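Notes follow once the structure below has been shown.
The values are calculated or read from the model by the stated rules, or taken from the named source; none is laboratory data. What you see is a predicted model, and the numbers here were worked out from it, not measured in a lab. Using ideal geometry, Cβ is built from the backbone for each residue, glycine included, and neighbour counts are taken over all protein chains shown.
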Amino acid sequence: MRHLLVRSLIISAVATLGVFTAGAAHASVSGPEQDPVFAAPPGTAEIQVAKLTHAQATARLRAAGITWSSSGGCSDRNKPNCTSFEQVNLATIQGAETLKGASGCALNVTGGTETGHASGTYSHWNGYKLDFGLATCVNNYVRNNFTSVGGNQWRSGSGNIYYLESNHWDVTYYNCGGC
């Protein structure tokens, strides 16, 4: 009963802030998945997340001066060579906006919610991750401003994880990064 009351209060507070959309999806913390970055920050609660359409996400990215590209020159969520933002979390896009504003770096998104990425609760498909192309400015900003947690991973002050893969940054946004 207490769990339901606390959950209800949290949901009410978040809804009051206007975070929900009609098509909100449900996310919860679960055990390790196939994704290399699966651990939620301590204290992460079960929450509702606001989802964006591809058009809504690209409008926000464009306004922030963030570019995106795909090897296939497309945005179809069901094709792995496309870069799609369909069903991306609002907080994920806000996290990219926060990174752009804080770092002053040029950002190019090379991976969004399209198929072809690792599965898991905090996955690309579920709207929590973006891939950014490698750039000296971004590389230096992450390494100099975030905490190394081992395995080519850095944790931002807000708990988001920046994972340096062979040719891109794989970023898990648990929140908007201080938006």
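Can you tell me how many residues in region 112-132 are farther than 15 Å from Ser84 by Cα and modelled with pLDDT of 95 or more?
Going through region 112-132, the residues farther than 15 Å from Ser84 by Cα turn out to be 118-122.
Filter again for modelled with pLDDT of 95 or more, leaving 122.
So the count comes out to 1.
Sort through Ser75, Ser158 and tell me the only one that's in contact with a His (Cβ under 8 Å, 6 or more places away or on another chain) and in contact (Cβ under 8 Å) with a residue 12 or more places away in the chain.
Working: Ser158 fails: in contact with a His (Cβ under 8 Å, 6 or more places away or on another chain).
That would be Ser75, the only listed residue that is in contact with a His (Cβ under 8 Å, 6 or more places away or on another chain) and in contact (Cβ under 8 Å) with a residue 12 or more places away in the chain.
Does region 74-93 include one or more residues that are over 16 Å from the mean Cα position of the chain (by Cα) and either closer than 22 Å to Arg155 by Cβ or of a type in the set (Ser, Thr, Tyr) (or both)? Yes: one or more hits. Only a single item in (1) surrounded by fewer than 17 Cβ atoms within 10 Å (Cβ to Cβ); (2) touching a His at 6+ places or on another chain (Cβ under 7 Å); (3) of a type in the set (S, T, N, Q) is not met by Thr113, and it is number (1).
Pull up region 64-73, narrow it to residues that are outside any strand (DSSP E or B) and crowded, with 19+ Cβ neighbours inside 10 Å, then point me to the one that is modelled with the lowest pLDDT. Before the answer, list the steps.
So in region 64-73, the residues outside any strand (DSSP E or B) come out as 64-66, 69-73.
From what's left, crowded, with 19+ Cβ neighbours inside 10 Å: 66, 70.
Values: Ile66: 99, Ser70: 95.
Selected residue: Ser70.
Restricting the first member to region 116-129 and to residues that are within 10 Å of Tyr173 (Cα to Cα), and the second to residues that are surrounded by fewer than 21 Cβ atoms within 10 Å (Cβ to Cβ) and of a type in the set (S, T, N, Q), the beta-carbon pairs closer than 6 Å and six or more apart or on different chains are Gly127/Gln87.
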